[in-house]
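Peer 1: Quick one: the structure is below, questions incoming.
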Amino acid sequence: MQNQEYKKFKERRNSVRRFDFLIRKTDLFESEKRLQERRESVLFGQKLLSRIAVKPPYYALKNLEKVDGSLKASIPIEQSLGNETSPLTAGETSRHLAILGSCALAEKNTNDFSYYLAVKAVYRRHIKEIKADYLIGVSEAKMLNKRKGKAFNKLLNEKNEVITTLDVDYTIISQNLFERQFKKHKRDMRHSYISESFFNRQNFYKCLFEIPNAKIQDDILTLDIGEVKPEMCMGHFPFYPAMPVAFLSQILFNVSINYLKTVLKKKNIKVVLHEGNINAFALVFSGKHIKVKVQLLDQVKNIFIFFSQLIEQETSKLLIELNNLKVEIVV
């Protein structure tokens with residue numbers, strides 16, 4: 001009797017051991033599968049990064065992958081919010097989504113390497129107040145012809161709710177044409193780091209650009225930003241350092257916020273950018289001296305509509321324009 005019970009016990013024990021072995025084998029297979037998927041995602045991201053002219057630290061996308069014909073990536077939060085509401089500043093949102101859009105175009109372009117210049121964009125915020133623990137970027141792009149492309153980009157939270165959209169038009173320039181057209185701006189940044197922030201490897205894009213106070217005259221605020229320094233262009237075009245349109249647009253937006261602070265005589269305000277149109281007319285290369293003009297066009301309750309321009313100081317050339325900038329004061 002005891003032998004029979006012991007025999008049954010051994011059978012049950014061996015059955016449990018076989019089950020445990022199968023579970024461990026399945027877990028090991030799943031781990032190897034996830035590792036392989038991660039490896040393929042990294043290689044895919046590296047391949048696309050090698051085909052665009054944007055590099056770290058300006059490029060900061062994670063887990064880039066292709067899903068159902070679209071590109072998808074994890075969006076990091078690097079910049080403090082300042083006077084904006086969560087989860088991400090308008091400038092950093094535009095930065096990551098515009099880069100994701102250029103990657104989506106590069107995936108469709110037959111050329112190995114090209115410059116993707118954002119020349120026009122429409123920014124829209126779809127959810128006014130939201131908290132997000134995890135941000136996702138999704139981009140659908142199409143090549144209009146060899147020289148033009150368009151990307152439809154979305155910023156999502158972990159629930160797949162659309163927080164912001166950014167539709168971007170790009171001018172696509174081959175490497176040879178770009179180098180011929182802008183050869184006078186060529187600069188080897190590897191051995192010409194002139195500021196302390198370069199030696200400290202500081203990421204300029206994590207900082208909010210400090211906006212000095214300025215007077216408003218005839219509803220227009222004019223502000224001298226100064227010279228574009230090399231550290232303001234890190235990772236944005238190899239050997240041709242140019243300040244990114246998204247970051248310049250953020251400066252224009254922040255000057256608009258300062259306009260409101262001055263008019264309302266309040267320092268601690270919170271705002272949300274509902275929408276805005278961006279037009280970029282020229283690259284802003286390192287060494288250029290720039291100024292800003294911001295004008296308040298209209299006010300509807302707590303929503304203020306601005307028009308702003310970025311201008312080259314020496315030539316008065318219009319570089320970037322933001323119009324229909326709808327800013328709401330929420331606190």
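Read the figures in this text as sums done on the coordinates, not as results from a lab. Not measured: the values here are computed from a predicted model. Here the Cβ is made from the backbone with ideal geometry for all residues, glycine too, and neighbour counts use every protein chain on show.
Peer 1: Going by amide H atoms built from the backbone, whose H comes under 5 Å of the H on ILE163, apart from near neighbours?
Peer 2: Residues meeting the amide H criterion: LEU155, LEU156, ASN157.
Peer 1: Calculate one ³J(HN,Hα) per residue across the range 229-245 by plugging θ = phi - 60° into the Karplus curve 6.51 cos²θ - 1.76 cosθ + 1.60, and present them in order as whole Hz with x for glycine and proline.
Peer 2: Working through the residues one at a time gives 8, x, 5, 7, 10, 4, x, 10, 6, x, 6, 9, x, 9, 6, x, 4 Hz.
Peer 1: Within 10 Å of each residue's Cβ, count the other Cβ atoms and sort HIS274, HIS96 from fewest upward.
Peer 2: Numbers: HIS274 18, HIS96 27.
Result, fewest neighbours first: HIS274, HIS96.
Peer 1: Quick one: what do you get for the range 55-329 if you divide its Cα Rg by 2.2 N^0.38 Å?
Peer 2: Rounded to two decimals, the normalised Rg is 0.98.
Peer 1: Right, another one. For the residue pair GLU129 and LYS184, what label-to-label distance in nm results when each label sits 7 Å from Cα along the Cα-to-beta-carbon direction?
Peer 2: That separation, rounded to one decimal, is 5.3 nm.
Peer 1: Can you sort LEU248, LEU100, LEU117, LEU81 from fewest to most other Cβ atoms within 10 Å of each residue's own Cβ?
Peer 2: Ranked by crowding around the Cβ, least crowded first: LEU81, LEU117, LEU248, LEU100.
Peer 1: Between GLN313 and LYS148, what is the label-to-label distance in nm when each label sits 7 Å out along the Cα-to-Cβ direction?
Peer 2: 3.6
Peer 1: Calculate, for ALA214 and VAL122, the FRET efficiency according to 1/(1 + (r/R0)^6) with r their C-beta to C-beta distance and R0 22 Å; round to the nearest 0.05.
Peer 2: Computed FRET efficiency for ALA214 and VAL122: 0.20.
Peer 1: For the range 117-259, which semi-axes, largest first and in whole Å, follow from the square roots of 5 times the eigenvalues of its Cα gyration tensor?
Peer 2: Semi-axes (√(5λ), whole Å): 27, 25, 18.
Peer 1: How much length would be gained if the chain were fully extended between PHE113 and GLN46, taking 0.36 nm per residue of separation minus their Cα-Cα distance, in nm to one decimal?
Peer 2: Values: separation 67, 0.36 × 67 = 24.12 nm, distance 1.28 nm.
That works out to 22.8 nm of additional length.
Peer 1: If you line up the Cα atoms of the range 106-179 on their principal axes, what length do they span on each, largest first, in Å?
Peer 2: So the extents along the principal axes, rounded to whole Å, are 45, 20, 20.
Peer 1: Quick one: Karplus J couplings for the range 285-300, per residue in order, coefficients 6.51, -1.76, 1.60, θ = phi - 60°, nearest Hz, x for Gly and Pro?
Peer 2: Once rounded to whole Hz, the list reads 6, 4, x, 6, 9, 10, 9, 10, 10, 10, 10, 7, 8, 7, 9, 10.
Peer 1: Another question, then. Kirkwood Rh over alpha-carbon pairs of the range 72-146, then Stokes-Einstein at 25 °C and 0.890 mPa s: what D in µm² s⁻¹, rounded to an integer?
Peer 2: Numbers: Rh = 14.0 Å.
Result for D is 175 µm²/s.
Peer 1: Lys and Arg at +1, Asp and Glu at -1: add these up for the other residues within a Cβ distance under 13 Å of ILE75 and post the number.
Peer 2: 0
Peer 1: Once fully extended, how much extra length lies between HIS289 and GLU158, figured as 0.36 nm per residue of separation less the alpha-carbon to alpha-carbon distance?
Peer 2: Working: separation 131, 0.36 × 131 = 47.16 nm, distance 4.12 nm.
So the chain would gain 43.0 nm between HIS289 and GLU158.
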